[in-house]
Amino acid sequence: MAKKKPAKAKAKPRRPAAKARSVAKAKPRKAAKPAVKVVARKANGNGATIPSPSKKPWGGDGKALSGVRILDFTHVQSGPTCTQLLAWMGADVIKVERPGIGDITRGQLRDVKDADSLYFTMLNHNKRSITLDSKSKQGMAVLERLVKSCDALVENFAPGALDRMGLTWQRIHSWNPRMVVASVKGFGPGPYEDCKVYENVAQCAGGSASTTGFRDGPPLVTGAQIGDSGTGLHLALGIVCALYQRNRTGRGQRVLAAMQDGVLNLCRVKLRDQQRLKHGPLKEYSQFGQNIPFGDSVPRAGNDSGGGQPGWILKCKGWETDPDAYIYFITQAPVWEKICELIGRPEWKTDPNYATPPARLPRLKAIFDTIEEWTMTKTKFEVMALCNAVDIPVGPILSMKELAEEPSLRATGTIVEVDHPTRGKYLSVGNPIKLSDSITEVTRSPLLGEHTDEILSKVLKFTPAEIAEIKASGATGEAAKPKAEAAD
Ligand code: CAO
């Protein structure tokens, strides 16, 4: 594996917690002072049963996917999200890009002249880039060697593009029977399998748009990229599972994550509600309390909670001028009495119209209006503090500005500052998945073709003469400009 950090001096192995306890039992120490201050058990990751983090997270133990090499043939968002996650977990990700052009997002939504866009840099951290014209003879020869030296090929071209390049499953499998070939496509097999798909197409085709928005308004797409990034995440799991199975079978396999399927998976609760509709109205939807009849498919539910605990977004102090001065408030049944006390309605605790969840369902709008009268007297953070103190679940509507400035997200590496040679410092979302023995270091995205020489010589072991021949053929050099800039 290339790109390994130099191994650090071996740290003394830590004694497992269980063993430490049994030793302590045999020889009790007198007046032993606790070495570590024990904080609330409730705190995340603080339980005694959770293994301690390694003291040498990026030393001799490597990272979770150290030793795995990915041929990254992805572009735009869905595929790059997947390979970026694999890279963060330690895989060596080699991004293959068209000479002179590269991933189309390098130039899309550009904010700094002549620098790779944030669109590209925020989706391609920790990767290496090689430029290669896969449609040239020499380019295909390099690809063949890449296929033979990688564990998985990941792609999200339009349907049929990989085959048209000559990289059919049969050919790849004959070159490297252990290779996993993973694809994002818009649709799985069926009437739409040949369609090109972008984020919002998937949100619409996967059931998200029809169930998002207000009942009396048009369908809405969401800001969360559930079609692209959501499917990339699904694909990453598929790849890791296929690699795990390969340990047993010795064979690679194909992995497909269709964007429609990924979105539908994330809309699972709405298919649940579709089936519940047959047995009567969906009582937790506000339209039930407003006596508005249900049709034959799941309606848009505005800000109703998706679960069994009613919730709504309420105004907070400053809402007139601040578009994010709101809070999501959940009237969780077990804390109903605390809610009544907090908002100054103690009589609701015993009033039969309010005391039980079924009694409250037809009155949700009036209840939330009353709670809102209280939340409007406080900032969202004051509401948060007061409610959390008595275990009432609420969520402040945080703007991207607030998230970017949040110190705790910086501390955990969920928001990171990355330096880039042509654009300078920028913020990115780091790895949201935290492993105690495989800590993510976010490094900048590669410049177009930055690692071409390094990969040809060090990874693929071409001789200097062969490299000269490949280059002279134009397989890694300038290519024609793209036909048109993609719309996404
Ligand atoms: N050398 C030579 N040719 C290359 C190349 C390389 N290194 N890399 C790509 N190409 C070629 C492909 O072979 C393809 O050529 P053909 O059309 O002749 O087969 C061509 O570049 C473009 O590929 P494409 O059709 O995938 O690209 P597009 O911009 O027209 O479509 C998209 C983009 C995203 C709509 C389409 O790729 C798609 O539907 N992908 C699957 C779904 C998906 O992932 N969507 C998410 C996109 S993020 O919002």
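Quick note: the coordinates plus some simple rules give every number you see, no bench work behind them. Remember, it's a predicted structure, so these values are computed and weren't measured experimentally. Here Cβ is always computed from backbone atoms with ideal geometry, including for glycine, and neighbour counts include all displayed protein chains.
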Self-check item: Exposure proxy order (Cβ contacts within 10 Å, fewest to most) of THR212, THR331
Solution: THR212, THR331
Quiz prompt | Values of log10 I(q)/I(0), in the order q = 0.10, 0.14, 0.17, 0.22 Å⁻¹, for the range 268-392 under a Debye, Cα-only, solvent-free model | solution = -0.34, -0.65, -0.91, -1.28
Quiz prompt | √(5λ) per eigenvalue of the Cα gyration tensor, the chain, largest first, Å | solution = 46, 32, 22
Exercise. Treating the Cα atoms of the range 320-362 as identical point scatterers in vacuum, please give the log10 of the normalised Debye intensity I(q)/I(0) at q = 0.26 Å⁻¹, two decimals.
Key: -0.89
Exercise. Over 23 Å between C-alpha atoms is what I'm after, so list which of LYS137/LYS461; LYS63/LYS461; LYS434/LYS458 land there.
Key: LYS63/LYS461; LYS434/LYS458
Quiz prompt | Residues TRP175, TRP348, sorted so that the one with the fewest Cβ neighbours within 10 Å comes first | solution = TRP175, TRP348
Self-check item: Ranked by how many other beta carbons lie within 10 Å on average, peptides 145-152, 194-201 from highest
Solution: 145-152, 194-201
Exercise. Using a cut-off of 12 Å between beta-carbons, work out the net charge of the residues near ASN247 (Lys and Arg +1, Asp and Glu -1, ASN247 not included).
Key: +3
Exercise. Round to a whole angstrom and tell me the spacing of the C-alpha centers of the range 347-414 and the range 76-111.
Key: 39 Å
Practice problem: Sort 288-297, 390-399 for me by packing, meaning the mean count of neighbouring Cβ atoms within 10 Å per residue, highest on top. | Solution: 390-399, 288-297
Quiz item: Taking Cα atoms, how many degrees apart are the long axis of helix 17-26 and the longest axis of the chain, rounded to 10 and kept between 0 and 90?
Solution: 70 degrees
